[in-house]
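Beneath this line is the structure, given in structure tokens, with notes to follow.
The values are calculated or read from the model by the stated rules, or taken from the named source; none is laboratory data. Quick caveat, the model's predicted, so the values are computed rather than measured. Neighbour counts are summed over all protein chains in view; Cβ atoms, including those assigned to glycine, are modelled from backbone coordinates with ideal geometry. Side chains included, ligands, DNA and RNA excluded: accessible areas come from the protein's heavy atoms. Shrake-Rupley method; radii C 1.70, N 1.55, O 1.52, S 1.80 Å.
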Amino acid sequence: QMTPEDYEYYDFLIGMDSANIRNMNRIVGSDPEGKIYKLLSFAGFGGDVADPWYTGDFASTYRDVTKGCQALLKKLT
């Protein structure tokens, strides 16, 4: 579970979908330093990672997470 203190400690706080981002902002109050991101934003997409709980499509989720993580790694290096 994310805590308000995580905002000060970490440089990147990454959620998978709009609900995650909404909850993260609720927990920290606001994002003045721009540390909260959707994973796919690093890959140039504003969409949500496909949630296999609802879709049953684990392959799409894997592709989304892989695409987002590869783009994040590129940004960090």
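For (1) among the β-branched types (Val, Ile, Thr); (2) in contact with a strand residue (DSSP E or B) (Cβ under 9 Å, 6 or more places away or on another chain); (3) crowded, with 17+ Cβ neighbours inside 10 Å, each residue gets a yes or a no:
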| position | (1), (2), (3) |
| --- | --- |
| Ser30 | no, no, no |
| Glu33 | no, no, no |
| Ile36 | yes, yes, yes |
| Gly46 | no, yes, no |
| Asp51 | no, no, no |
| Asp57 | no, no, no |
| Ser60 | no, no, no |
| Asp64 | no, no, yes |
| Leu73 | no, no, no |
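Where helices (runs of 4 or more DSSP H) sit wholly within the range 1-55, none has at least 1 residues that are of a type in the set (D, E, K, R) and within 15 Å of Lys67 (Cβ to Cβ). Pairs linking a residue in the range 53-65 that is touching a residue at least 24 places away in the same chain (Cβ under 8 Å) to a residue that is assigned to a helix (DSSP H, G or I) and open to solvent by less than 100 Å² (accessible area, probe 1.4 Å), with Cβ atoms under 8 Å and 6 or more positions apart or on different chains, are Asp64/Leu39; Asp64/Leu40; Val65/Leu39.
Cβ separations smaller than 9 Å between residues 6+ apart or across chains give the following pairs from the range 11-22 residues that are among the hydroxyl-bearing types (Ser, Thr, Tyr) to residues that are crowded, with 19+ Cβ neighbours inside 10 Å and not in a helix (DSSP H, G or I): Ser18/Lys38. Can you spot a residue in the range 30-46 that is in contact with an Asp or Glu (Cβ under 7 Å, 6 or more places away or on another chain) and of a type in the set (Gly, Ala, Ser)? No; the residues of the range 30-46 include none that is in contact with an Asp or Glu (Cβ under 7 Å, 6 or more places away or on another chain) and of a type in the set (Gly, Ala, Ser).
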